[in-house]
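**Q** First, the structure itself, so that you have it in front of you.
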Amino acid sequence: MLVLISNVGSTSLKFKLYDMPSEHVLCDAKIERIGSLNGIYHYKNDENDKEHNEHDIPLKDYQSGINLFIKDLCDKELGVIQDVNEIEAIGFKTVISKGFNGTVELNEEVMKGMKDYLFIAPVHNAAYIGAIEEFKTILGSIPMIGVFETSFHRTIPLKNKLYPIPYEWYEKYGIAKNGYHGASFTYIANKARKDGDYKYIIGCHLGGSSSICAIKDGKSYDSSFGFSLQTGLPHMNRSGDCDPYIALFLENEGLSKEEIIEGLAHKGGLQGMSGYNDFREIEAAAIKGEQRAKLAIDVFVNDIVRYIGSFYAEMGGFDKLVFTGGIGENSKLVRSGVAKALECFGIKIDENKNNNISVDGYISSDDSKVKIQVIAANEELGIAIETYNYINSKKNA
């Protein structure tokens, strides 16, 4: 079965075409700077290694990017299929929809639920809605499946997800911890347990959006993310955990609701603390001695350590620590800082391994009580597996 996976960003699109259930990738593509005149396009046929790369091309909307990819997908030289209708399903990493969870077909009701929750996930849901609607216009005959980020976290016990608020708010509005990055943690949970009997795993998905997940017996037990994506660790430009009365105080000081949201959701986080909007720039500035950049990294590492410590206590054990995501895979500085702060748990990092790690390797010392592993994020594969299983179950129903 041919399953196309689309990973949507606010200004980007990533594609992978899988032959399932073998999990074999036939082709992949990445489109950046959608909505600009200097877009970047990369397509690769993984069967013959032929590529198509373009820079500084006009990409006014998602439709432009989708059409560019479909053209190469079916091209005689570059393509891997003759007709787009050979694809049996399109899978999307989706975030949250009111009244829906898990893996579902993206019908009108589900799309309405995503629109109803735009306020909770404004950047993410807006991007997914826009891209999915374009896909429906262009490829409406192909089933489109959403794998919701909250799905993996349905196993979190109520004691770990309930807020200390009026209980009727939970009953009436569903306000509780949702958890996100489900596709990433599903992949981590499966991969990290393959080479040993690891009962307690703590996963650190660190990137533009960051979260920690306590994984007990392969299932989500707690998450640093709460009801919205605004919570948890400092993100690149979202504040993460923040006293709710700060917003009320600023409103009393004369700031508008729009100004407060802009500060917390778009100009906060690591960017707000450091002044830089790329973690590589933050690291470089910190190494040069810029105090705001160094402080941003210190706050980030400290919050990671705080969540890991609390999850260790909640689960009653800790066998493996996993780093993934752009920062988790590439920042030896963050990995080292976290590991050293956790030495009281018997964690020992091998700095030589940490400095020279290739993805999917171990960076813990031989005598470390907790194994430390770096795993390359592969959300697309997790979504492909869920999409394939969903379509297959429908066929066999």
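The values are calculated or read from the model by the stated rules, or taken from the named source; none is laboratory data. Keep in mind the model is a prediction, meaning the values are calculated, not measured. Using ideal geometry, Cβ is built from the backbone for each residue, glycine included, and neighbour counts are taken over all protein chains shown.
**Q** Looking at F249, F227, which is the one that is out of contact with any helix residue (DSSP H, G or I) (no Cβ under 9 Å at 6 or more places or on another chain), among the hydrophobic types (A, V, I, L, M, F, W, C) and either free of Cβ contacts under 8 Å to residues at least 12 places away in the same chain or at positive phi (or both)? Steps first, answer last, please.
**A** Working: F227 fails: either free of Cβ contacts under 8 Å to residues at least 12 places away in the same chain or at positive phi (or both).
Among F249, F227, only F249 is out of contact with any helix residue (DSSP H, G or I) (no Cβ under 9 Å at 6 or more places or on another chain), among the hydrophobic types (A, V, I, L, M, F, W, C) and either free of Cβ contacts under 8 Å to residues at least 12 places away in the same chain or at positive phi (or both).
**Q** So which of L158, L118 ends up being under 15 Å from F227 (Cβ atoms), touching a helix residue (DSSP H, G or I) at 6+ places or on another chain (Cβ under 6 Å), of a type outside the set (G, A, S) and surrounded by fewer than 21 Cβ atoms within 10 Å (Cβ to Cβ)?
**A** Values: L158 fails: touching a helix residue (DSSP H, G or I) at 6+ places or on another chain (Cβ under 6 Å).
Answer to the selection: L118.
**Q** Of all residues in region 27-82 being among the acidic types (D, E) and not in a strand (DSSP E or B), which is nearest to the chain's Cα centre (by Cα)?
**A** So the first thing to find is which residues in region 27-82 are among the acidic types (D, E), and the list is 28, 32, 46-47, 49, 51, 54, 56, 61, 72, 75, 77.
Next, from what is left, pick out any that are not in a strand (DSSP E or B): 46-47, 49, 61, 72, 75, 77.
Details: D46: 24, E47: 28, D49: 28, D61: 22, D72: 27, D75: 31, E77: 33 Å.
Filtering first and then ranking leaves D61.
**Q** Select from region 222-270 the residues that are part of a loop (DSSP other than H, G, I, E, B) and basic (K, R) and write down the one among them that is surrounded by the fewest Cβ atoms within 10 Å (Cβ to Cβ). Spell out how you get there, then give the answer.
**A** Of all residues in region 222-270, those part of a loop (DSSP other than H, G, I, E, B) come to 224-243, 253-256, 266-268.
From what is left, the residues that are basic (K, R) are 238, 267.
Values: R238: 26, K267: 15.
Of everything passing the filter in region 222-270, K267 is surrounded by the fewest Cβ atoms within 10 Å (Cβ to Cβ).
**Q** Next question. Would you say I120 is assigned to a loop (DSSP other than H, G, I, E, B), within 17 Å of the chain's Cα centre (by Cα) and over 22 Å from E32 (Cα atoms)?
**A** Details: assigned to a loop (DSSP other than H, G, I, E, B): yes; within 17 Å of the chain's Cα centre (by Cα): yes; over 22 Å from E32 (Cα atoms): yes.
Yes, satisfied.
**Q** Next up: Go through (1) at pLDDT 95 or above; (2) assigned to a loop (DSSP other than H, G, I, E, B) for G196 and report which single condition fails.
**A** With (1) at pLDDT 95 or above; (2) assigned to a loop (DSSP other than H, G, I, E, B) applied to G196, the lone miss is (1).
**Q** Out of curiosity, is I188 crowded, with 20+ Cβ neighbours inside 10 Å and either without any contact (Cβ under 8 Å) to a residue 40 or more places away in the chain or not assigned by TED's automatic domain parsing to the domain that holds V374 (or both)? Outline the logic, then answer.
**A** Details: crowded, with 20+ Cβ neighbours inside 10 Å: yes; either without any contact (Cβ under 8 Å) to a residue 40 or more places away in the chain or not assigned by TED's automatic domain parsing to the domain that holds V374 (or both): no.
When the stated conditions are applied, I188 does not pass them.
**Q** For residues that are in a loop (DSSP other than H, G, I, E, B) and at pLDDT 90 or above, scanning just region 123-151, find the one that is surrounded by the fewest Cβ atoms within 10 Å (Cβ to Cβ).
**A** Narrowing region 123-151 to residues in a loop (DSSP other than H, G, I, E, B): 140-143, 149-150.
Keeping just the survivors that are at pLDDT 90 or above gives 142-143, 149-150.
On the way: I142: 18, P143: 16, E149: 27, T150: 23.
Once the filter is applied, the top-ranked residue is P143.
**Q** Taking into account only those residues within region 277-295 that are at pLDDT 95 or above and outside any helix (DSSP H, G or I), which is surrounded by the most Cβ atoms within 10 Å (Cβ to Cβ)?
**A** E290
**Q** From the set of residues in region 316-350 that are of a type in the set (S, T, Y) and within 18 Å of the chain's Cα centre (by Cα), which is nearest to G218 (Cα to Cα)?
**A** Filtering region 316-350 down to residues of a type in the set (S, T, Y) leaves 324, 331, 336.
Keeping just the survivors that are within 18 Å of the chain's Cα centre (by Cα) gives 324, 331.
On the way: T324: 17, S331: 26 Å.
Filtering first and then ranking leaves T324.
**Q** So how many residues does region 377-387 have that are among the hydrophobic types (A, V, I, L, M, F, W, C), part of a helix (DSSP H, G or I) and out of contact with any Phe, Trp or Tyr (no Cβ under 6 Å at 6 or more places or on another chain)? Step through it out loud before you land on a result.
**A** So the first thing to find is which residues in region 377-387 are among the hydrophobic types (A, V, I, L, M, F, W, C), and the list is 377, 381, 383-385.
Narrowing the set further to residues that are part of a helix (DSSP H, G or I) leaves 381, 383-385.
From the residues that got through so far, the ones that are out of contact with any Phe, Trp or Tyr (no Cβ under 6 Å at 6 or more places or on another chain) too are 381, 383, 385.
Of the residues in region 377-387, 3 are among the hydrophobic types (A, V, I, L, M, F, W, C), part of a helix (DSSP H, G or I) and out of contact with any Phe, Trp or Tyr (no Cβ under 6 Å at 6 or more places or on another chain).
**Q** How many of the residues in region 315-358 are under 19 Å from A286 (Cβ atoms) and in contact with a Cys (Cβ under 7 Å, 6 or more places away or on another chain)?
**A** Residues that pass the stated criteria total 2.
**Q** Among the residues that make up region 66-84, is at least one of them in contact (Cβ under 8 Å) with a residue 24 or more places away in the chain, buried (at least 20 other Cβ atoms within 10 Å of the Cβ), touching a Pro at 6+ places or on another chain (Cβ under 9 Å) and on the phi < 0 side of the Ramachandran plot?
**A** no
**Q** For region 207-235, name all the residues that are among the aliphatic types (A, V, I, L, M) and within 15 Å of A121 (Cα to Cα). Don't jump to the end; show me each part of the working.
**A** Taking region 207-235 first, the residues among the aliphatic types (A, V, I, L, M) are 212, 214-215, 229, 233.
Answer for region 207-235, where residues must be among the aliphatic types (A, V, I, L, M) and within 15 Å of A121 (Cα to Cα): just L229.
**Q** Identify the single condition in (1) of a type in the set (D, E, K, R); (2) under 22 Å from E379 (Cα atoms); (3) touching a helix residue (DSSP H, G or I) at 6+ places or on another chain (Cβ under 7 Å) that E351 does not satisfy, given that it satisfies every other one.
**A** Going through (1) of a type in the set (D, E, K, R); (2) under 22 Å from E379 (Cα atoms); (3) touching a helix residue (DSSP H, G or I) at 6+ places or on another chain (Cβ under 7 Å) one by one, E351 breaks only (2).
**Q** Moving to a separate point now. Does any residue in region 1-26 that is under 13 Å from Y62 (Cα atoms) come within less than 8 Å, Cβ to Cβ, of a residue that is in a loop (DSSP other than H, G, I, E, B) six or more places away or on a different chain, and which pairs are these?
**A** Listed pairs, sorted by first residue: T11/R33; T11/I34; T11/G35; S12/R33; S12/I34; L13/I34.
**Q** Here's another thing I want to ask about it. With (1) more than 24 Å from K216 (Cβ to Cβ); (2) of a type in the set (A, V, I, L, M, F, W, C); (3) surrounded by 15 or more Cβ atoms within 10 Å (Cβ to Cβ); (4) outside the structural domain of G35 (by TED's automatic domain parsing) as the list, and A176 as the residue in question, which single condition is left unmet?
**A** (1)
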